[in-house]
Structures are given as structure tokens and as C-alpha cells.
Amino acid sequence: MHIIQSFWSCKKNNLLSFNMGWYSPEYHIMSWALSCLQLRKYYNNITLYADTVSSKLLIDTLQLPYSNVVCNLDELNIYHDNLWAIPKLYAYSLQEQPFLHVDGDVFIWKPFDEKLLNSDIIAQNKEAGTDYYENILNNLENKLSYFPAEIKYQRKVANPIYAFNMGIFGGHDISFFKEYTSKAFEFVNNNIECLSKINVSNFNIFFEQYLLYCLTSKGNKNVSLLLDTVIDDLSYTGFGDFVDVPHYKQYLHLIGTFKRNREICNQMAFRLRKDYPTYYYRIVQLFRDNKLPLKKDYYHSLTEKSESELVERFNFLKGKSIEKVSAAPVKKTISSFWRTGLIIAYLNETNTGISKSTKKKLINDVSEVENCIQEILTNKFSHLNNDFLYKRDILSSGYFENIFTDVHKIYDVNLVSNDDFEIIEACYDWTLLEDNESSPRIKVQKIIESCKEKGNLVIIPECDSQGYSMVNIDDLDLFLLSLLKKPLLIKALFKEIATAFDKEELKSAYDEFKLLIFGRIKSALLYKLIKPLI
């Protein structure tokens, strides 16, 4: 089977400054690297369809190991830059032999099943549209001037909306793919004059995924799916769980909001660093050479001047014992108490609908939290060695595999708490301010709803310029951390935690209890609050 990928730069000249829907640009580029490299582990024949800008980045600069490059997507620059499905459709339309297109945000840890690859039509999974899809389509029907007959027919005979997720797409039915892509381009081209009236990004779902469903449904075509589960359009979960690869999951797809989730992006980047450090540091050095900031900006202060020096340093730190405390303090200061400033600015606006007493409580709480953070940075974190913290990060990315690869030995792993983090009390969950998806109004409303008599925020030392990260924990997390102040086998940890639960409830719901506690262990590992003794 011929594997293909397509990367259109959406008419952007500098992909280092454009995030393409990701949390930040470096994660977008790291995604392409990891996607290609994982595909290359299992397949020798991988073609990239690119434009001049993407070809220069992925091939000339990053030197990703594609077997073939077709640089023809500049032809698509006549289209609106939010029509991100257009290059995929164009690539599908050019195929004369069986193929599988894999998106650049898809990652595999085993080859695709041969039975799937021998199918006429292949997609990732079937989607069931909720009110979200229905509302979008209703708007499009009111604003667009042309709809294919197959969509009109489907709207008359079926409800709800169904579509196919096309994280992967392809197969052997070349004549159908020619028909499908022709109708998709007709759908787009006949509505060019209407694009100013709609959310163009939302349109992609319907001329690619929904049209495919309508055509295959009307033509009684069988679509073979990678995943048999029908998933609601807003209910994708687990597709960004890098902590579960390769032992539990071998396929991930960073759909939609996963791309903008800081923790998922960091997990993806750490996976690239762990498995392909040369490519990871090549990307880091590319941003450094262009004097562009990275979200995880530890590298701005390093004296190493090249990719090879960064890789050498990475390998050196992995194996070297490093002093925890630096001889001289490292100055780390909170950025002008930004949370307090943001909250005050928002509450000073008119018509917030928030009572005076709640406003006062919010301001007092956030001020107290940031004062505590400042004190922690100045008196506790400032002497921590950045190399020690970076080595901690390097090692922590391998903890999940160390613990979870062998299911028969999980319960005999010793865990222990790290001793560097600090816990502070707060009435509100101030980590919610870091949500890049929501408006200030929604953020503040979520913060108000998070109010507790006494909550807990964990402040974790980091080796970047800010010097810390922050996570909200509940009483169960706090109990787990208290138990792990001394090393404890996971099976013993389960017994201790079980004492806090009703015995009868545990008997009837022990599987749910196991999932809950393993989830808390994974979160604590992710945030570097605990570690295995292996």
C-alpha cells in the first residue's frame, strides 16, 4: 500500500511564526516530524504532497525521510487559506493506484492491518453529528448557493447527520475516489463567492467528511473503518494519550482541541525527543537560529550553538548524576503578577454580573496565590539546578513505559513522591486562566464555579524562564501524595487508598476504582509529582 501525506502551507511564507491551529508553531512542526518518522518505521514507500514552503521546511531543513516528494500544492493558492481539506482532496484525486492518506497529526505504533489496507474504501471511524454539526449545516444551507444532490438527498431521508473522520483515508476503489473528489471540488468551487458569509473552517467538515458519507451511503459502498466505534462529533477522548503508547494504544490522532492543549502538545514533543532526539533538537535549533521563542523556552539560555551540540548535551544529561542545587541562585520571577492583573482588569469592566463580595474574594485569592508563588520562586526554587530539572524531565518521559508496559508487573513497581514541589491553598482553581480556548468571561465563570472552602494548587519547579508550572489537585490526589512520601509498591498504595472508600461500594465497583487510581497515578507522573524506583 502506498502511504501519502499532504501539507499545504495555507499561503503562509513562514511556518515558524504561524501555529496552524496548534498551541504554538513548534508543536505543529514536531507533529509532522513524529507522524512521518513513525510511519517510516513500518512503511518504506511514503510520498509527501507539498508546496514550496512546506517542502523547504520538511525536506530541505528537517530532512524528514519521505521516499518521494511531489511539490505541486502551490496550485491551490487560489483558494481561501482556511480550506484546509483542499490539499487532502487534491492529493486523493491524483492517485492512480491503491493508497492510504495519513494526516500529519496522526501517529502510529504498529502497521495498519492488511485486511483494512486491502479494502475498497478506508476511513478512521464513523461520526455521529450532534446539535453542533446540525447547527453548522443549517447555517451553511442558509448561506451557500450550491449543494451536491447526494447531500440534499441525505438531508431528506436521514437524521442525525453522519460523517467519516478521515485521519486516515484511501483504499482500492480509484474510480470512486475520482468521483468523490470531483464532486467535492465542485461543491467548493460553486460556493467561492459565498465564503465571506460563513465560517470557512467549518465548511471543510461538510465538503470532505459529510460528502463522503452521503456518496457512500447513496451508492451502497462499504467503508472499512480503523475504529468500529461510532463517535459523537464532540466526544473524541483518548486520542491524545501519549502516556498510553505503545503499551495500550498504537494509534493517536490529535483532533481539534487536542492540538491546542498544552499538556498534550508537551507529551507529543517529549515523545519526539525520547524516540528521535536528533529531529527534536533540529526543530529547537531552527527556532533558536531564527531568534523565535519557544513555548517551553528552556533553550534560550543555553550556550550550545548547534543541533549536534544539543543532542550531545541531551545524551550526556541522561546518564550523568547532577547536583540538585546550584552554587548560585537562578533568578526566576513571576511575570508581573499577570493573573491578578487579568482578574482586576476583567472585574473592572461593566456588566460582569458578579457580586461585590465575589469580586473581593476573587481578587484576594488570586493575589494571595501569586504572592505565595513569588515567595516559593525566591526562597525555594531559585537554587535548583536547571540541568537537574531538565534531566528530571528527560527521565520522566520514560516512566510510563517503565511502569505500564508489562501488565503482570505493574503492582510490584515502587513509587515515591518527588520532594521539590510545593502545595499552596486556594479557594479557586487558577489554572483555568491558562485555558487558551475560552474567552475571559467563560474563564472567570469557570473559576467562580471551581470555588471550594479549601482547594490545593501544586507549584512545580521548571527549567524554563518562568521557573514553575501549576496544577490543581483534589483531596484524593493529596492523599496519594501523602502516602508516597516514602516508597510504596503500587499494590500497597491501592490497599492504603482503599481504606478511604466504602468497602461495600468498592466490592461492586472495583474496576472503576482501579481506573480512577491508575488515572491519578498517570496524572501525578505527568506533572512530575511522583516517580518510579526502578
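The values are calculated or read from the model by the stated rules, or taken from the named source; none is laboratory data. On a predicted model such as this, the values are computed, not experimentally measured, just so you know. With ideal geometry, Cβ positions are generated from the backbone for all residues, glycine too; neighbour counts draw on all protein chains shown. Heads up: the accessible areas ignore ligands, DNA and RNA and are worked out on the full protein's heavy atoms, side chains in. Shrake-Rupley method; radii C 1.70, N 1.55, O 1.52, S 1.80 Å.
What translational diffusion coefficient, in µm²/s and rounded to a whole number, does the Stokes-Einstein relation yield for segment 405-534 at 4 °C and a viscosity of 1.567 mPa s, taking the hydrodynamic radius as the Kirkwood radius over Cα pairs?
On the way: Rh = 16.4 Å.
D, rounded to a whole number, is 79 µm²/s.
Taking segment 141-186, which chymotrypsin sites (Phe, Trp or Tyr not before Pro) meet the DSSP loop condition and have no more than 16 other C-beta atoms within 10 Å? Walk me through the numbers before you get to the answer.
Working: sites: Tyr146, Tyr153, Tyr162, Phe164, Phe169, Phe176, Phe177, Tyr180, Phe185; in loops: Tyr146.
Sparse-neighbourhood loop chymotrypsin sites (Phe, Trp or Tyr not before Pro): Tyr146.
Could you calculate the contour length gain from Ile174 to Phe501, that is, 0.36 nm times the residue separation minus the distance between their Cα atoms, to one decimal place in nm?
On the way: separation 327, 0.36 × 327 = 117.72 nm, distance 5.80 nm.
My answer for the length gained is 111.9 nm.
For Glu309, Glu150, the ranking by accessible surface with the largest value first comes to Glu309, Glu150, using a 1.4 Å probe.
Positive end of the dipole of segment 277-331 (Cβ unit charges, origin at the Cα centre): among Ala328, Thr278, Asn315, the Cα lying farthest that way belongs to Ala328. Taking a Cβ cut-off of under 11 Å around Ile530, the surrounding Lys, Arg, Asp and Glu residues balance to a net charge of +3, with basic ones at +1 and acidic ones at -1.
Between helix 131-143 and the chain there is an angle of about 40 degrees, using the helix long axis and the longest principal axis of the Cα atoms. Exceedance of the 25 Å cut-off in Cα-Cα distance is limited, within the set Lys11/Lys197; Lys446/Lys531; Lys295/Lys486; Lys295/Lys359; Lys318/Lys491; Lys356/Lys452, to Lys446/Lys531; Lys295/Lys486; Lys295/Lys359; Lys318/Lys491. Given the C-alpha centroids of segment 466-531 and segment 150-220, what is the distance between them in whole angstrom? Between the Cα centres of segment 466-531 and segment 150-220 lies a distance of 46 Å.
Of the GluC sites (Glu not before Pro) found in segment 348-435, the ones in coil according to DSSP and having at most 12 other Cβ atoms within 10 Å of their Cβ are Glu349.
Subtracting the Cα-Cα distance from 0.36 nm times the residue separation, let me have the gained length for Ile344 to Asp406 in nm, one decimal. Spell out each step's value before the answer.
Details: separation 62, 0.36 × 62 = 22.32 nm, distance 5.05 nm.
That works out to 17.3 nm of additional length.
A simple spin-label model places the labels of Asn202 and Lys41 3.9 nm from each other, with each point 7 Å out along Cα-to-Cβ.
Taking segment 410-450, which trypsin sites (Lys or Arg not before Pro) meet the DSSP loop condition and have no more than 11 other C-beta atoms within 10 Å?
Numbers: sites: Arg441, Lys443, Lys446; in loops: none.
Here no trypsin sites (Lys or Arg not before Pro) fit, given the DSSP loop and packing criteria.
Out of every Cα-Cα pair in the chain, what percent are more than 45 Å apart? Considering the chain, 21 percent of its Cα-Cα pairs are separated by more than 45 Å. For the chain, the longest principal axis of the alpha carbon atoms and the long axis of helix 262-275 meet at an angle near 90°.
Give, in nm to one decimal, the length gained when the segment between Thr358 and Ala492 is fully stretched (0.36 nm per residue of separation minus the Cα-Cα distance).
On the way: separation 134, 0.36 × 134 = 48.24 nm, distance 4.30 nm.
Using 0.36 nm per residue and subtracting the Cα-Cα distance, I get 43.9 nm.
Taking θ as phi - 60° and the Karplus parameters 6.51, -1.76 and 1.60, the scalar couplings of segment 62-79 work out to 7, 6, 5, x, 5, 7, 7, 10, 10, 9, 10, 7, 4, 4, 8, 5, 6, 9 Hz in sequence order, x denoting glycine and proline. Estimated from the Cβ-Cβ distance and a Förster radius of 56 angstrom, the FRET efficiency linking Asn19 and Leu483 is about 0.90.
Measure off, as a whole percent, the carbon and sulfur share of the 1.4 Å-probe accessible area of segment 206-332, all protein chains present. Walk me through the numbers on the way to the answer.
Details: 3020 of 6130 Å².
Answer for segment 206-332: carbon and sulfur cover 49 percent of the accessible area.
With θ taken as phi - 60° and the Karplus curve 6.51 cos²θ - 1.76 cosθ + 1.60 applied, the whole-hertz 3J(HN,Hα) list for segment 145-156 is 9, 9, 10, x, 4, 5, 6, 4, 5, 5, 5, 7 Hz, x standing for glycine and proline. Each label was represented as a point 7 Å from its Cα along the Cα-to-Cβ direction; for Asn159 and Glu75 these points are 4.1 nm apart. Can you send over the carbon and sulfur percentage of the accessible area for segment 1-148, probe radius 1.4 Å, protein chains only? Carbon and sulfur together cover 44 percent of it.
Apply the a/c threshold of 1.5 to the C-alpha gyration tensor of segment 443-485 and tell me whether it is rounded, prolate or oblate. Here segment 443-485 falls in the oblate category.
I need the calculated FRET efficiency for the pair Ser93 and Asp297, taking r as the beta carbon distance and R₀ as 51 Å, to the nearest 0.05.
Values: r = 42 Å, r/R0 = 0.82.
Computed FRET efficiency for Ser93 and Asp297 comes out at 0.75.
One Cα centroid belongs to segment 30-47, the other to segment 396-411; the line between them spans 26 Å. Give me the angle, in degrees from 0 to 90, between the Cα long axis of helix 307-319 and the longest principal axis of the Cα atoms of the chain, rounded to the nearest 10. With both axes taken from Cα atoms, the answer is about 50 degrees.
For segment 231-360, just say rounded, prolate or oblate: build the C-alpha gyration tensor, square-root its eigenvalues into a ≥ b ≥ c, call rounded for a/c under 1.5, and beyond that prolate if a/b exceeds b/c, oblate if not.
Details: a/c = 2.35, a/b = 1.30, b/c = 1.81.
Here segment 231-360 falls in the oblate category.
From the helices alone, meaning DSSP H stretches of at least four residues, give me the mean residue ellipticity at 222 nm for the chain, per-run term -39500 (n - 2.57), in deg cm²/dmol to the nearest 500.
Numbers: 21 runs with 224 residues, N = 534.
The helix-only estimate for the chain comes to -12500 deg cm²/dmol at 222 nm.
Figure legend: label point modelled 7 angstrom from the Cα of Tyr146 along Cα→Cβ; residues of segment 183-205 with amide N under 13 Å from it are 183-195. Phi angles of segment 399-407 translate, via the Karplus equation with coefficients 6.51, -1.76, 1.60 and θ = phi - 60°, into HN-Hα couplings of 5, 4, 5, 4, 8, 9, 5, 9, 5 Hz per residue; Gly and Pro are given as x.
Shape call for segment 82-133 from the C-alpha gyration tensor, a ≥ b ≥ c root eigenvalues: rounded (a/c under 1.5), prolate (a/b greater than b/c) or oblate? Working shown, then result.
On the way: a/c = 1.68, a/b = 1.22, b/c = 1.37.
Here segment 82-133 falls in the oblate category.
Within the straight-line cut-off of under 16 Å between alpha carbons, the aspartates and glutamates reachable from Lys88 are Asp51, Asp74, Glu75, Glu96, Asp103, Asp105, Glu179, Glu186, Glu208, sequence neighbours fewer than 8 places apart in one chain being disregarded.
Which percent of the accessible area of segment 404-500 is formed by carbon and sulfur heavy atoms (probe 1.4 angstrom)?
51 percent
Please give the per residue accessible area of the chain, computed with a probe of 1.4 Å over protein heavy atoms only, in Å².
Details: 24340 Å² over 534 residues.
Accessible area per residue: 46 Å².
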